[in-house]
Structure formats: C-alpha cells, structure tokens
Ligand code: ADP
C-alpha cells in the first residue's frame, strides 16, 4: 500500500512516498520558495537527485507537480493507489494526544491553535487543503509534534504564572519534536531489548530539545509553550530569565515583535559567537581559536549536560541516552564534550566508536554506567506508520 508523508512549511513542502508496511521509500522530494520568486524543487528516486526550476505560486501548485512527478516516474499509475496522506503539524495544543484522521473539526482546531505556531499551523492547513483537492479519495491524517508530550503531568507542564494565563490563554508547556523523540525511543527500546526503560533523548539540530521518557511515555521535555525554551539552539536562546524581555524593551524601545525576532533569530550559537548558527562554523571557529566560538560551544554543551542531569534525577536513573538530529548525529566534538560533562554520572566515551557521523552506533565504553547511542531520526516514517494504521 502506498502512503504519502507530507511536511508543509510556510514556503516549503517536503514529501516521501512509502510502500507500506515494508517502509520502503519509493520517491522523495522538497519544494522550496513556494510563493516567492526563484522557486524550485528537487526529487530523489533510486538514489538519483534532480533539481527543477519552476514557478510555485502556492502549495496547491506544488502538490499538483508532486503528483505529476509520481506519475512521470512510474511510481504510481493511478492516484487511487495512494491510500493515505499523513501531514506533520507542529502545534496540536491540548486537543491532540495522538494522530487523527482529518475532519473539518480537526482543521478548525489546528487553525484555532495558529496563534501558538503562527508560521507552521497555517502552512499545514494549506498543505492539507491542497492534498484534499488533488487526491480527494485518500485518507488524510495529521501527526502532531506535540502529541507525544501530552503524557506530562500538570505539575510539569504548568508555569508558575497567574493561573488564568493557562485557563484563558492556554499558556503551558507543550514541547515539540515529539515524533522524533518517539521514534528514537522506540528504536532505543529495540536496542535495549525491553520496553520498561528510562531514556533521555537529545534531539539536537538547528532546533533542539531533550525529553525524559519512562516506559515509552514522555514525562518531561525541554521545549515549552513554543519551541524557544530549554536548550541553546542555532539562533534561539532557550531558557532565559523572563524579566530580560521587559528590561531590554524598556532600554531599547524594541516592540514585542522585534524582541521575539531577536530571541528566535539572533540568539543562540549565532548570538553568542557572532559568527554563525551552524555548529560546523562554530567548530571551524574553535580551530582558529575564536574565543566567542569556544564560549558558544561551551555554553551549548553545559545546557545539554544540565538537562541530562535534571532528567536523570527525575527519571530515577537512566537506561540509555540517545543523540539524534543534525548536531547529535554528526558533531563528533560536541558529543564528546557533552559526555565529558557527564563523567560524574559515570558515563564514559569510547572515542573510536564516537568517530562516526549519521549512523546508528553505541558510543560509550563497556564500563560506562549508561550506554549512549546515536540513532538517526526518521520523522517521515513515523508519519507513514501512523497513517498506514488508519488505512489498512
Ligand atoms: P533542523 O532543526 O532545521 O531540522 P537539523 O536537524 O537538520 O536541523 O540540524 C542542522 C544542524 O546540524 C546544522 O545547523 C548544523 O549545526 C548541524 N550539523 C550538520 N552536519 C554537521 C556536522 N557534520 N558537524 C557538526 N554539525 C553538523
């Protein structure tokens, strides 16, 4: 059975078509700069990647081209072969704790939650509408980044702010990257050969979050009301003293929008280093003895270590720590520094095993108190699995 996994951003649309239940990727691609000039898309099939320049005025046009590509490449002969289409949605609020089949009510709830994810939720609705028009007979599902974190307790997800902010304005911790945390946790349980586990999963890419997972359920996660909480990220500040915001607004006359932009787009690794948001550039800066790159890396690592220590206590121990996403899968030196910071817990790196990028691996020595794994994430296959569940 063919299942399409779709991830619509404000100006992009990524897709993968799967043969299920084999989980075989038949074709994948990404449309970029939708609604902007110089738009283009790339398609990958049988390991070969082709880029095409084309006008993409909106998501519906992108979706139509996607379908044409499936036909031209003989991946599908008839649209009726696509039984399900799964859409990634960033914010599901407290409404959704699992994947749902799309209905008008589901769409209106996603729309209602747009103020919590102004760039992402409207884009997802645009993607759903485009898919409904172009492939009307497929079952459409929505897979939420927040759903996996809905198992957190009230005392964990509430902030110590006036309670009405929660009841009136839905201010609470929702978390993000849930699909990725769930995927790597499932895989870690396979590697450990049991399901009653205590895991700390570190999704550290450009955006970054950590989760504490007990017996397959999330009990805490570092992102909050929005994805700008917890860890230091490429351009996001993560945890800060909230009063910095009114203080700087008063000092500079910045508007709420400007300060939000500074905390989301000019902070993190970029803000501290003044060089780049990309860990590769920070590593290059460190080689050149750039003091602010060293500082940025040290602050980044310290925050990850602090969260691991916090979750270790909260879980009452830990069966495995997992690294995933861009930095977690690829940065040998950042992983090494984080594990050095975990020495008081008895975690011990195997330097040779850690000399790897983008591959599943155990990177701690056999004497380490806790095994640390690299597990490359795969959010798309999780979307396909959940969607297949409704179609079979
Ligand atoms: P996103 O959060 O946008 O999905 P990714 O998970 O793709 O991001 O992570 C992207 C980040 O991963 C890059 O910004 C870079 O910092 C980091 N990264 C990718 N490759 C490497 C590498 N070889 N070494 C160090 N860092 C890397």
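In the set (1) at pLDDT 95 or above; (2) over 18 Å from residue 96 (Cα atoms); (3) crowded, with 24+ Cβ neighbours inside 10 Å, the condition left unmet by residue 155 is number (3). Inside region 29-63, residues that are surrounded by 14 or more Cβ atoms within 10 Å (Cβ to Cβ) and in contact (Cβ under 8 Å) with a residue 60 or more places away in the chain make up a count of 4. Looking only at region 345-359, which residues are within 16 Å of the ligand (Cβ to nearest atom) and loosely packed, with under 14 Cβ neighbours inside 10 Å? Residues satisfying the conditions are 355, 357, 358, 359. The condition of being in contact (Cβ under 8 Å) with a residue 60 or more places away in the chain and either assigned by TED's automatic domain parsing to the domain that holds residue 98 or surrounded by 14 or more Cβ atoms within 10 Å (Cβ to Cβ) (or both) holds for only one of 209, 276, 267, 222, that being 222. Taken together, the residues in region 47-82 that are under 16 Å from residue 3 (Cα atoms) and part of a strand (DSSP E or B) amount to 1.
So which of 216, 175 is buried (at least 17 other Cβ atoms within 10 Å of the Cβ) and touching a residue at least 12 places away in the same chain (Cβ under 8 Å)?
Only one candidate qualifies: 175.
In this structure, is residue 121 within 20 Å of residue 381 (Cβ to Cβ), free of Cβ contacts under 8 Å to residues at least 40 places away in the same chain and more than 16 Å from the ligand (Cβ to nearest atom)? Here the answer is no, as residue 121 does not meet what is asked. The condition of being assigned to a helix (DSSP H, G or I) and either more than 30 Å from residue 213 (Cβ to Cβ) or more than 16 Å from the ligand (Cβ to nearest atom) (or both) holds for residue 247. For region 358-392, residues that are more than 19 Å from the chain's Cα centre (by Cα) and farther than 30 Å from residue 100 by Cα total 12.
Which numbered condition in (1) within 14 Å of the ligand (Cβ to nearest atom); (2) more than 21 Å from the chain's Cα centre (by Cα) is the only one that residue 288 fails? Just one mismatch for residue 288, condition (1).
State yes or no: is residue 234 in a loop (DSSP other than H, G, I, E, B), within 12 Å of the ligand (Cβ to nearest atom) and closer than 21 Å to residue 335 by Cα? It is true that residue 234 is in a loop (DSSP other than H, G, I, E, B), within 12 Å of the ligand (Cβ to nearest atom) and closer than 21 Å to residue 335 by Cα. For region 180-222, enumerate the residues that are within 12 Å of the ligand (Cβ to nearest atom) and modelled with pLDDT of 95 or more. Residues satisfying the conditions are 180, 202, 203, 204, 208, 209.
If you scan region 17-28, which residues turn out to be surrounded by fewer than 23 Cβ atoms within 10 Å (Cβ to Cβ) and assigned to a strand (DSSP E or B)?
Result: 19, 24, 25, 26, 27, 28.
Would you pick out the residues in region 92-101 that are more than 17 Å from residue 380 (Cα to Cα) and buried (at least 21 other Cβ atoms within 10 Å of the Cβ)? Scanning region 92-101 gives a single hit, 92. Within region 311-337, residues that are farther than 16 Å from residue 358 by Cβ and more than 16 Å from the ligand (Cβ to nearest atom) have Cβ atoms under 6 Å from residues that are at pLDDT below 95 and part of a strand (DSSP E or B) in no pair, counting only partners at least 6 apart in sequence or on another chain.
The values are calculated or read from the model by the stated rules, or taken from the named source; none is laboratory data. Note that the coordinates shown come from a computational prediction; the quantities given were computed from them, not determined experimentally. Reconstructed Cβ throughout: ideal geometry from the backbone, glycine too, with neighbour counts over all protein chains shown.
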